[in-house]
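Throughout, read-outs are computed from the coordinates displayed, never taken from laboratory work. The shown structure was predicted, so the numbers you read here are calculated from the model rather than taken from an experiment. Here Cβ is always computed from backbone atoms with ideal geometry, including for glycine, and neighbour counts include all displayed protein chains.
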There are 2 protein chains.
Amino acid sequence: MIDINREIAALDWQREPLGLYEPIGYTLAAGGKRLRPTLALTASRIFGGNEQEVIPAALALEVFHNFTLLHDDVMDKAQVRRGRPCVHIKWDENTAILSGDQMLIEAYKLLAQLPADRLPEVLRLFNTMATEICEGQQRDVDLAQAASAEIADYMLMIRQKTAVLLATALQIGAYMAGADKAAQQALYEYGIRVGLAFQLQDDYLDCFGDERTFGKAIGGDIREGKKTWMWLQARAKGMPDTQGNVERTLAEYRRLGIDTMAHAEIQRLTDEAQTYLESLPRNEATDTLRRMAEQLVTRMN
Amino acid sequence: MIDINREIAALDWQREPLGLYEPIGYTLAAGGKRLRPTLALTASRIFGGNEQEVIPAALALEVFHNFTLLHDDVMDKAQVRRGRPCVHIKWDENTAILSGDQMLIEAYKLLAQLPADRLPEVLRLFNTMATEICEGQQRDVDLAQAASAEIADYMLMIRQKTAVLLATALQIGAYMAGADKAAQQALYEYGIRVGLAFQLQDDYLDCFGDERTFGKAIGGDIREGKKTWMWLQARAKGMPDTQGNVERTLAEYRRLGIDTMAHAEIQRLTDEAQTYLESLPRNEATDTLRRMAEQLVTRMN
């Protein structure tokens, strides 16, 4: 099996001008779950694909994901990413913008290494995904500024901003392995639901997680006044304006049963995700995806 | 002949979310010389290529160029572009970053429209060019911060930041029309020299142009302490530190004959550019490129 961390470490960023490439190496060396390349490789294994052939696309997905984090951190004025200062803190904003741009280009350079007969379709899938990510980021901004919002607005935002990248990673892996359209689509739909459930679980843990295992202070979303699924549901059920007070908001969530509702919604999405795996070959790789969805519902961080 | 402005105007940016796409439409509607798509189409015509087939690549080059302007303006804290407020002034910095990212993705979406058999090579040429642009931008930053610099550092910077995009536009046009490697390379080399001459002429006009025709105040580069070709040549010839004083610096340039040297260098580069056209078919399109190089040396704005 491919060791994706070794593949990422093998990318060479000791290039001139150092001011452009060092921040890229710094970002990619910070670790992370490597979830997206892992999904692409796992999807390929389901269909007995040649994992080696998928590597450029898997790496492109990881480099692209890290590009989005780099620019998002500038836009959010974040300080820390994966326990280390963000690029725009360690260097400066201009460096984060320019090295981020280069990371996006590097993702496309990796895609250009794919076999010529596979390139057009993978490029098309990748471009569609990249577009949705930018749209999702803009919808996130719009949502923060909107006076009111519907649950559907929030779901579309997290679908584009988070779920589509997981779904596309799976689809690209499946396509590279020669899976037919229906199988590609099944994995895409699995990825969307896992992505949505993943984000809702994040929102849930931000409210009801254990600070020791969650790794950050509880109630951050509430303090920032974020229009999360939980907040929108509570408002729809008549929660008064709690003005970012964490204690009061959490009490309201409990009183209105939002915690139970969120848990049920995450379970529902996870179950739905699993059904999409049923049409696929049963093997070690499909089992990995099945377990991944299960772990999602029970994860505490 | 293709009307490139009509093609650009036909791109649809009335898409949701508006906050992402409106700044892209605003940027592309601001005009400009459309030099890069024009070069790609002209190069294709030299070899009797199907211009219609080149359009996606020509548009990708223009969208990419405007992406670089958008992000450069953020990094330079510029106020005005083509007589209108920059995107980060009219909207905000985050909008300029995100809409810029989307423009870069849109450039790749346009490339993805190319015939599948042409895509791999054009993507490779495009990626190489895009990388050099980012490297050139970083070298520009490094040059500003460096205590000293050589002429060669400056030439490499403007080669990457300005000339490579013109050269690649020509090469892509030639490749699409089926030109052989030698002809592609000749056009690339022509483009590099025209690009270098273009930038040096810009530097020259910034010192010795006529404010009425040049369109901006004379001496901007000197006031900003930019290490231009002229400044580096003057320093190499023993010019004292003039501390950004425009009058004194221009007097030194004249005393040392830098104005004459610059003019001669621009002429030399332009002549060199013309020699690369000699191996190509003689027709209306080659004549256009020949005239373009001539106009460069005499242009006053």
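Helix A:18-28 axis versus longest C-alpha principal axis of chain A: approximately 60°, rounded to the nearest ten.
Close lysine pairs were tallied over chain B: pairs 8 or more places apart or on different chains with Cα atoms under 16 Å apart number 5. For chain A, the Cβ-based charge dipole about the Cα centre amounts to some 460 debye (Lys, Arg positive; Asp, Glu negative; other atoms uncharged).
The mean sequence separation of alpha-carbon pairs under 8 Å and at least six residues apart, normalised by the residue count of the range B:180-301, gives a relative contact order of 40 percent. Rounded to 0.05, the FRET efficiency of the B:A264 and B:R290 pair, given R0 = 25 Å and the Cβ-Cβ distance, is 0.80. For A:K237, the distances from its label point to the matching points in the remaining copies are 8.0 nm, ordered from shortest, with each point set 7 Å beyond Cα toward Cβ.
Here, the range A:75-136 is characterised by an Rg to Rh ratio of 1.10, where Rg is the alpha-carbon radius of gyration and Rh the Kirkwood radius. Max-minus-min Cα coordinates of the protein assembly as shown on each principal axis give 82, 50, 43 Å, with the largest extent listed first. Pair-distance distribution P(r) for the range B:149-301, from all Cα-Cα distances in 5 Å bins starting at 0: 2, 10, 17, 20, 17, 13, 9, 6, 4, 2, 0 percent.
Phi angles across the range A:186-191 convert, under the Karplus curve 6.51 cos²θ - 1.76 cosθ + 1.60 with θ = phi - 60°, into 3J(HN,Hα) values of 4, 5, 4, 5, 4, x Hz, Gly and Pro given as x. Per the Cα gyration tensor, the range B:1-133 maps to an equivalent ellipsoid with semi-axes of 26, 15, 14 Å, ordered largest to smallest.
In nanometers and ordered shortest first, the copy-to-copy spacing of the B:K216 label point, defined 7 Å from Cα toward Cβ, is 4.0. In degrees from 0 to 90, rounded to the nearest 10, what is the angle of the helix B:51-76 Cα long axis to the longest principal axis of chain B? With both axes taken from Cα atoms, the answer is about 40 degrees.
Across B:Q267, B:Q201, B:Q243, mean-square fluctuation computed from a Gaussian network of chain B (C-alpha pairs under 10 Å connected) peaks at B:Q243.
Considering only A:D271, A:D117, A:D180, the Gaussian network model of chain A with Cα springs below 10 Å gives its largest mean-square fluctuation to A:D117. Evaluate the Debye formula for the range B:125-204 with equal point scatterers sitting on the alpha carbons, no solvent, and hand back log10 of I(q)/I(0) at q = 0.14, 0.17 Å⁻¹, in q order, two decimals. Rounded to two decimals, the profile gives -0.48, -0.66.
If I build a Gaussian network model for chain A, linking alpha-carbon pairs within less than 10 angstrom, which residue out of A:A163, A:A112, A:A60 has the largest mean-square fluctuation? Among A:A163, A:A112, A:A60, the largest GNM mean-square fluctuation belongs to A:A112. The phi-based Karplus calculation (6.51 cos²θ - 1.76 cosθ + 1.60; θ = phi - 60°) puts the 3J(HN,Hα) values of the range B:167-172 at 4, 5, 4, 5, 5, 4 Hz, whole numbers, x for Gly and Pro. Give me the base-10 log of I(q)/I(0) for the range B:44-93 at each q in 0.28 Å⁻¹, Debye formula, one uniform scatterer per Cα, rounded to two decimals. Taking Cα atoms of the range B:44-93 as identical point scatterers yields -1.00. Each of B:T298, A:T270 has some number of other Cβ atoms within 10 Å of its Cβ, and from fewest to most they run B:T298, A:T270. Inter-copy label distances at A:T298, shortest first and taken from points set 7 Å along Cα to Cβ: 8.1 nm. 3J(HN,Hα) along the range B:156-166: 5, 4, 6, 4, 6, 6, 10, 6, 4, 5, 5 Hz, from the Karplus curve 6.51 cos²θ - 1.76 cosθ + 1.60 with θ = phi - 60°, whole Hz, x for Gly and Pro. What separates the Cα centres of the range A:44-74 and the range A:167-222 is a distance of 15 Å. Length gained on full extension, A:K181 to A:N5, computed as 0.36 nm times the residue gap minus the Cα-Cα distance: 60.4 nm. The slack in the chain from B:V80 to B:D117, taken as 0.36 nm per residue of separation less the alpha-carbon distance, amounts to 9.2 nm. Percent of Cα-Cα pairs per 10 Å bin, from 0 to the last occupied bin, for chain A, please list those. Percent of pairs per bin, in order: 6, 26, 33, 24, 9, 1. Each of A:P240, A:V297, A:Q267 was placed along the dipole of the range A:225-301 (beta-carbon charges, centred on the mean Cα), and the one lying farthest toward the positive end is A:P240. From its DSSP helices (H runs of at least four residues, each -39,500 (n - 2.57)), the protein assembly as shown gives a residue-normalised ellipticity at 222 nm of -23000 deg cm²/dmol.
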